[in-house]
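Below you'll find the structure, written out as structure tokens, and then a few comments.
Only the coordinates and a few stated rules stand behind these numbers; no lab work does. On a predicted model such as this, the values are computed, not experimentally measured, just so you know. Note: ideal-geometry Cβ built from the backbone for every residue, glycine included; neighbour counts use all protein chains shown.
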Amino acid sequence: MKRRASGGSAIERARGVPFRFDGREMRGCRGDTLASALLANGVRPVGRSFKYHRPRGVLTAGSEEPNALVELKRDGAYQPNIRATLQELHPGLEARAQNCWPSVRRDVLAVNDLLAPFLSAGFYYKTFMWPRAFWEGLYEPLIRRAAGLGRLPRAYDASLHERAFAFCDLLVIGSGPTGLMAALTAGRAGADVVLVEEDRQMGGLPLSQGGQIDGRGADGWVQRVLRELQGLPNVRLMPRTSVFGVYDGGVFGALERVGQHLAEPGLVPRECYWRITAKRAILASGALERPIAHPGNDRPGVMLLSAVASYWQRWAVDPGRVVVFGNNDHALTTAQALAAEGMQIAAYIDSREDVAGEAPFPLRAGAEVVGTRGRQGLREVTIRARGRESRIACDTLGLSGGWNPTLALTCHQGARPVWDEAIAAFVPRPGMLPGLEAAGAARGCFSTAACLADGVEAARAALAELGLTAPDIALPEADDSPYTLRPLWQVKAPGRAWLDFANDVTTKDVKLAAQEGFASVEHMKRYTTQGMAPDQGKSSNMGALAVLADATGGSIPGTGTTTFRPPFVPVSIGALGAGARGKGFRPERRTTSDTQVRALGAPMIEAGLWYRPSYFPKPGDPDWRTACNREVGYVRKAVGVCDVSTLGKIAVQGPDAGRFLDFVYTGTMSRLAVGRVRYGLMLREDGHVMDDGTCARLGEQDYLVTTTTAAAGEVMRHLEFVQQAFCRGWQLRLCSVTEQWAQMAIAGPLAGELLAHVLGEVPDLPFMGYQPVQVGPVAARLFRISFSGERGYELAVPARYGADLFRQLVALAEGLGGGAYGMEALNVLRIEKGFLTHAEIDGFVTAFDLGLQGMMSRKKDFIGKAASGRPGLTGAERLQLVGLRPQDPTAELTAGAHLYPREAPAKATHGQGHVKSVCYSPTLGTWLGLALVTNGRARHGEMLRLDDGLRGNRCEVTLCDPVFFDPEGGRMRD
Amino acid sequence: MRLPCPCCGWRDLREFTCIGAADYLERPTADAPPEAWDAYLHVRDNPAGPARELWYHDPCGTWLVVERDTVMHAVTGSRAVEDAQ
């Protein structure tokens, strides 16, 4: 294997891992990331940039990576924009470079780079303006083809995701020296601690930089602390987890890569979306090194110095000859340490004049990198010092422009960070976000000793707020050398200097934006697209801001930052939607007769979350209407059975139950006799009809309210509100019992006869009566109510007997020449009788509109009474319920159609109303409809034209009373 | 976001439904003038800062008056509608 040095704390050299990149077979080690394995295999360009399609190499060693985004094969499809720096290597891993064709080394669209002088910021806005007609046909398809980072797989995403919830006293985000000390302090104090770390390994920067803590190797110290934390039952360690958002009330969103690193995850989910609720949180997310914008800084081989160190220490990647370009003391000490460990440092370049130190490599103070060379990767850099240029051959350029505290999470609720001149970076303000404090490098304390102390201090403060006592804890000794720098944002020299590598934004683009008036940082961001790639500008925001401030003559703090919003790292839609796919998104509610009606071959239709049978087909039926007509016939001529358990049932009990129902219904329920049922109407407070249903008085203090299937939840919530808000001190209780009772409608002239088989005798129950009955040993409830206009009963048994009851009733009905009927027949039966559903009660209608004004009591107050009397809610201008019959009985009516005068055009100004429900009535041999028509009740007998522009249906209809069949109601009463 | 239910303690936002300002509790008398009913049904302040809101906790069926700052998002109080004045 090429390009591996000795050592490497993260890898097991003995365990080779085969993988493929861009079709080439390669080998890495166990413990590698895809990025470290690619570097170790000498792969330099790993992708192409977004706009100019320039070859790009690995820049960082963490989740902030802008360049090394690849497509990863998973579950049979390629997932785009996987960060190679985070993706762990596993045997058989297959990845390919994105944004290039045919290959990353030879890419056709690299021609864009030659056009670069024309492709400046705002190019698209300026160029594709005219001619206007070209936009849709030519420009947009062209741009769409070229745009985007990576390609989305077309197939259904079969990968597994999970969601989970965690609760703790203290959440520690980041496991560097700060986070470890904070977790240790809080853990020893007995607090319930969750410590999350984005990396596979906990420990943070010491893993990459070595050094000494507590008189031993930093790595050893980290392992010792981790062992102690693992031994504490109140501490939970969560590696591979990124906190991406901070939400109100101490809720944190986090993404755990559970199976993303496994060759065969099996049933292990790829990712888990965590909601962590923490009483207090410490942000110990450290800092990110920033690059320097110098000409040619996007060439593969140009890396952050911290990444060079990281790949060397953890993965033993030998970077070859290295030139280091920095502006701060930390860069120099890092170069010295790396040289001491055997890395070939070709030169150290520092923009500061006053830099000196002992080093085994040439140290060039007051110098800058002004150019790079190498087609597929860096070969040489050009240095300028005191006006003279020289070249140095090298393989890697390590950049260090200083460090930015990783403070994004502290800004997620809108607060802004403050500028710290000493470190030339933004730092969080204490108390920016309630319950969350930054500590260590995340708030600008950069030495290891300062981080260790700050972690303890932050934990102490959090423990005090939690009411826990912090233990005395000895601070380990560690490096405390100062960090000084002189800001260097851009090297002023000819050539393109990149700020945002992912979106191809150069210093020139930012200057152009300022020139053209996009001088506010938020405008500049949108005009140049800087910071809008998947990395959200983690390595470029600060630099772009500084260049903008320079171009506008303002200061950096005066220019301000853009807004930090969640998510901090990319989160897949699959993870966000975990648990909410298919039935998780929309659960199914099934009646107790569900298995039987499906066995009878009934197609099911959804009613809310419920599933109900549409109709029951028989062999030889030419169409569904044949079945529907047959089932209507059962009810009109013999007896039909239908499961009506989906209707909402609410028990209302207590001495004040009647008084309460008087207040929520338009009618009076308190005077209902025990054993009687009444039809009732509930209004919303704004005077419109909310729902209708029956109310039965089962006992002196015991009522049962039924609602429609669709409105059951709304009615329950409404009743709870009225009781709690306006009926304080009244003695009653409400309870939904919808699922406790299975209820079957038995309707038809032979309904009594059928019941005699079940109950032993024909029940002596008047219309709208109730009585408790025995079905064998089972206590049941019998109501004589009808939604079909025939003699009808509803028999309710505890839900566990529902399936048996349905089977028995259907068998008996079939013996009497009837059978089960479905929703289609139920709809025909109710339209023939003019009974209402939510097709008519659409939220806009009043009791007056439905012709039910007589149901509104004048003697008492009730919900909606005052508002229903408002002008405009009653009168001739209202749309009122009418029946419709076509002139030609075979002419089909369609719901949703509009009604116009016979000769008038189909224009809104001529509209007379619209059709709410229709059916073909086998009983009457004609189509029927229910409609809302302006002043409809006074217009019975008038002829209108039905016009359904959508379906192209037109016919003439006559308005009539909405009760088409048995208007006297004798059939259901006798 | 989390809200305290007097019945169940602090619970996740997804268990709650908000229907707006707690003004909805001040129902006019049946014989109040139309202006009072109009104000009750339709007119609401839109405060930036402390607000009193009506929330419903679906799992236990409790209606709450939540005191919440619409700018800072801090929840400063919560009482069952039955106990609120």
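Within the shell of other residues whose beta carbon sits under 12 angstrom from the beta carbon of residue A:793, the net charge comes to 0, with Lys and Arg scored +1 and Asp and Glu -1.
Rounded if a/c is under 1.5, else prolate if a/b beats b/c, else oblate: with a ≥ b ≥ c from the C-alpha gyration tensor eigenvalues square-rooted, which is the range A:649-738?
Details: a/c = 1.39, a/b = 1.15, b/c = 1.20.
Here the range A:649-738 falls in the rounded category.
When the Gaussian network model of chain B links Cα atoms closer than 10 Å, the mean-square fluctuations of B:26, B:53, B:67 top out at B:26. Computed over chain B with a Gaussian network model linking Cα atoms closer than 10 Å, the most mobile of B:57, B:73, B:42 is B:42. Find the centroid of the Cα atoms in the range A:474-528 and in the range A:691-760, then give the distance between the two in whole Å. So the separation of the two Cα centres works out to 68 Å. Taking chain B as a Gaussian network of alpha-carbon nodes connected by springs under 10 Å, the highest mean-square fluctuation of the residues B:66, B:75, B:43 belongs to B:43. The helix-only estimate of mean residue ellipticity at 222 nm for chain A, built from DSSP H runs of length n ≥ 4 each weighted as -39500 (n - 2.57), is -6500 deg cm²/dmol after division by the residue total.
When a/c reaches 1.5 or more, the comparison of a/b and b/c decides; with that in mind, is the range A:250-330 rounded, prolate or oblate per its Cα gyration tensor? Cα axes put the range A:250-330 in the oblate bin. The value given for the range A:291-400 is a Kirkwood hydrodynamic radius of 13.5 Å, derived from the mean inverse Cα-Cα separation.
To the nearest 20 debye, what charge dipole does the protein assembly as shown have about its Cα centre, counting +1 at the Cβ of each Lys and Arg and -1 at the Cβ of each Asp and Glu?
Working: 119 positive and 115 negative charges, 527 e Å.
Dipole size: approximately 2540 debye.
Taking Cα centre as origin and charging only the Cβ of basic (Lys, Arg, +1) and acidic (Asp, Glu, -1) residues, the dipole magnitude of the range A:12-114 rounds to 260 debye. When the chymotrypsin sites (Phe, Trp or Tyr not before Pro) in the range A:689-753 are filtered for DSSP coil states and for at most 11 other beta-carbon atoms within 10 Å of their beta-carbon, no site remains. Summed over all non-identical Cα pairs, the Kirkwood treatment of the range A:875-973 gives a radius of 13.6 Å.
Here is the list for the range A:830-894: trypsin sites (Lys or Arg not before Pro) lying in DSSP coil, each with at most 16 other C-beta atoms within 10 angstrom of its C-beta, are A:858, A:859, A:860.
The trypsin sites (Lys or Arg not before Pro) found in the range A:567-614 that occupy coil by DSSP, while having at most 16 further C-beta atoms within 10 Å, are A:581.
Counting every other Cβ atom within 10 Å of each residue's Cβ, A:547, A:418, A:773 order from fewest to most as A:418, A:773, A:547.
In chain A, the sites counted are GluC sites (Glu not before Pro) in DSSP loop states with at most 12 other Cβ atoms within 10 Å, and the longest stretch holding none of them, exclusive of the sites, is A:1-352.
I need the fraction of alpha carbon pairs in the range A:292-346 separated by more than 18 Å, rounded to a whole percent. If you can, show how the numbers build up before the last one.
Numbers: 412 of 1485 pairs.
Tail of P(r) above 18 Å: 28 percent of Cα pairs.
Its DSSP H runs of at least 4 residues, each contributing -39,500 (n - 2.57), put the calculated 222 nm mean residue ellipticity of chain B at -3000 deg cm²/dmol, to the nearest 500. From the P(r) of the range A:195-334, could you give the percentage of C-alpha pairs in the tail past 24 Å? That tail contains 49 percent of the Cα-Cα pairs.
The spacing between the range A:909-965 and the range A:242-260, judged by their C-alpha centroids, is 56 Å.
Rg over Rh of the protein assembly as shown, using C-alpha atoms and the Kirkwood radius, what does it come to?
Details: Rg = 37.2 Å, Rh = 34.5 Å.
My calculation of the ratio gives 1.08.
Between the range B:20-85 and the range A:630-659, the C-alpha centres lie 36 angstrom from each other.
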